[in-house]
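In what follows, a single structure is set out as C-alpha cells and then discussed.
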Amino acid sequence: MALDIALLHAVVAVAKAGGFREAARITGSNPSRLSDAVRRAEEQLGVRLFNRTTRTVALTEAGRALMSRLLPAMNEVDAALDALNTFRDTPGGTLRLNVPVSAARIVLPAIVPGFLQRYPDIQLEVVAESNVQDVFRDSCDAGIRYDDHLEQDMVALPIGPRTQRFALAASPAYLTQFGTPQHPRDLVQHRCLHGRYATGVIAEWEFTCGEETVRLQPKGPLICSIGAAMDLTVEAAIAGCGVVYLFEDWIKTPLSDGSLQPILPDWWQSFSGLWLYYNDRRLIPAPLQAFLDYVRELNAHAVM
C-alpha cells in the first residue's frame, strides 16, 4: 500500500504530541494542515487512526498498532538520512536544545556565535523555558540543566563556567536613601525585587558566610516570573526601586559600570555550573555530535 511519507510524518507528529495544536507548534506547521494530512492518511489507509473530540485527540486501536511498527521505522529513516552527513564537508540539519532562560542569557552567547560560524549548514533552535523538567520536551535533541543527577541512559557534559554565584545589589541612589544592609537579616527592612516560580512559590534568598547560612522570604514592590522577566527586576534595581538578587553573571554589566553596587559580597553563595544532557542510547544526530565536539573543544581550551 503506497502512502506519501509526508502524511506518515504528520501522523507520527500528532501521535507524539497528543494533539494537532501541540504537534503544529513543535513542527512549525499549523493545526489545519496537520489535520488535513491525517485525514488523507486515514482515507488512503482505509482505517481511522485517531479518535477526535473538541478536547482530546487519541490513537485508536488501529492507530496504536501502526505506531508500534511505524515509530522504529521512521527513526531508522531519520538515521539513514542523518548518515548522509558523513559525506558532507560540514554537517547540516537542525539541532534543538531545551535550556533554562538563564543558560540562554548567560552561557550560550559565548558559545553559539562561534558554533554557527563553524557549522553554517546547521540550524540551531533553542527552546528557552523556566521550570522545565523534561530535557527532551518538544522533540529536543539535548538539554541544559544546573545539576548532574543523571537519569538512566543519560550523559552529562559540562558547559560554560564551572562555578557561578548569586549576587545581591542595588543602585547607589537606593543605598544612599535606604542605607546598606550589614547582614542578610537586614533585608527584611528593605524593598526586595524578587521572583516567583511557575508553581507559585516565591524564590527564597539564601546567603552563606563561614558556618552561618541565612534563608529569607523576600518582600517588596515587584515580583516577576522566574526567567526572562527577571530582566525587569534588574532594570527596576538600576532605577533605584529596590534590591535585586540574581546570578552574578546576569548583572555583570551594571555591576561593572557602577549602575548597581554589590551588597554583602562575602555572603554570596556559589553553585556548580551548567551541564549539557543527552541520551547516549539514541543515535546521536550529526548536528548534536558537532555541538558536543565543539563544547568539548571549548572545555579543553578553558582548562589549558
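Give the range 254-291 a look and list any residue that's part of a loop (DSSP other than H, G, I, E, B), modelled with pLDDT of 95 or more and either open to solvent by 30 Å² or more (accessible area, probe 1.4 Å) or not hydrophobic (A, V, I, L, M, F, W, C) (or both), or say none. Those that are part of a loop (DSSP other than H, G, I, E, B), modelled with pLDDT of 95 or more and either open to solvent by 30 Å² or more (accessible area, probe 1.4 Å) or not hydrophobic (A, V, I, L, M, F, W, C) (or both): Gly258, Ser259. If you check Leu108, Leu124 for being closer than 22 Å to Ala13 by Cβ, open to solvent by less than 70 Å² (accessible area, probe 1.4 Å) and either modelled with pLDDT of 90 or more or touching a Ser or Thr at 6+ places or on another chain (Cβ under 6 Å) (or both), only one passes: Leu124.
Of all the listed residues (Ile251, Ile223), the sole one being open to solvent by less than 40 Å² (accessible area, probe 1.4 Å) and either part of a strand (DSSP E or B) or in contact with a helix residue (DSSP H, G or I) (Cβ under 7 Å, 6 or more places away or on another chain) (or both) is Ile251. Only one of the numbered conditions (1) surrounded by 14 or more Cβ atoms within 10 Å (Cβ to Cβ); (2) out of contact with any Ser or Thr (no Cβ under 9 Å at 6 or more places or on another chain); (3) modelled with pLDDT under 90 is violated by Pro100, and that is (2). Among the residues of the range 179-187, some residue qualifies, meaning at least one is at positive phi and either more than 29 Å from the chain's Cα centre (by Cα) or of a type in the set (Val, Ile, Thr) (or both). Residues that are surrounded by 12 or more Cβ atoms within 10 Å (Cβ to Cβ) and of a type in the set (S, T, N, Q) within the range 177-216 comprise Thr180, Thr208, Thr213, listed in sequence order. Filter the range 239-248 for residues that are closer than 11 Å to Arg165 by Cβ and open to solvent by less than 20 Å² (accessible area, probe 1.4 Å) and give the result. The answer is Leu246, and nothing else. Within the range 6-35, residues that are part of a loop (DSSP other than H, G, I, E, B) have Cβ atoms under 9 Å from residues that are crowded, with 19+ Cβ neighbours inside 10 Å in these pairs: Gly18/Val57; Gly19/Val57; Ser29/Ala10; Ser29/Ala13; Ser29/Ala23; Ser29/Ala37; Asn30/Phe20; Asn30/Ala24, counting only partners at least 6 apart in sequence or on another chain.
With respect to Arg55, is the statement that it is free of Cβ contacts under 8 Å to residues at least 24 places away in the same chain and in a helix (DSSP H, G or I) true? Judged against the criteria, Arg55 is not a match.
The values are calculated or read from the model by the stated rules, or taken from the named source; none is laboratory data. Keep in mind it's a predicted model, so treat the numbers as computed, not measured. FYI the Cβ positions are ideal-geometry reconstructions off the backbone, even for glycines, and counts take in every protein chain you see. Surface areas here come from the heavy atoms of the whole protein model, side chains and all, with no ligands, DNA or RNA. Shrake-Rupley method; radii C 1.70, N 1.55, O 1.52, S 1.80 Å.
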